[in-house]
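As structure tokens, the structure follows; a few thoughts come after it.
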Amino acid sequence: MAIFVRPTVKTLAPFVIMGAVLLLVSAGCGSGGDKQVTGLVLEAVERSLIEIESLRLRDEDGRVWEFSTRGPVGTSAAHLRQHQVGGDRVTVTYVVEDGRFLALDVADASAPGG
């Protein structure tokens, strides 16, 4: 015959605390994954008609970011030049590899507050 023991705060507390700690640790470990930055295009160098070789942009704090690419990133140098002339922002999704910023995706940024 199985005996059921009703859980109490004392018996559940360690599990709740451990779950909270694991959640916080896993949230903090995102530093090795994809990152994003949004800013104004300063320069886009094309590799081909549909690929960019490199991209420089300035974020809201004035920091200049330089990205390289390995293949298509979702936009062309011509489109990025339109953003440069129009002052429209882009969002770059990137990773850091060997101390360099590698762009994975470049997309039109949504308007502030939208």
Rounded to the nearest 5, what % of the DSSP beta bridges within segment 34-108 are antiparallel ones?
95
Which translational diffusion coefficient, to the nearest whole µm²/s, is obtained for segment 59-114 from the Stokes-Einstein equation, given a Kirkwood hydrodynamic radius over C-alpha pairs, 10 °C and 1.306 mPa s?
129
Which cross-chain or sequence-distant (5 or more) residues have an amide H under 5 Å from the amide H of LEU42, H modelled 1.01 Å from N in plane?
ARG56, LEU57, ARG58
Inter-probe distance in nm under a simple model that places probes 7 Å from Cα toward Cβ, at SER48 and ALA78
1.5
Residues whose built amide H sits under 5 Å from the amide H of ARG47, excluding neighbours closer than 5 in sequence, are ILE52, GLU53
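Each value in this text was obtained by applying a stated rule to the coordinates, not by laboratory testing. Given the structure is predicted, the values throughout are model-derived calculations rather than measurements. In this analysis, Cβ positions are derived from the backbone assuming ideal geometry, glycine residues included, and neighbour counts consider all displayed protein chains.
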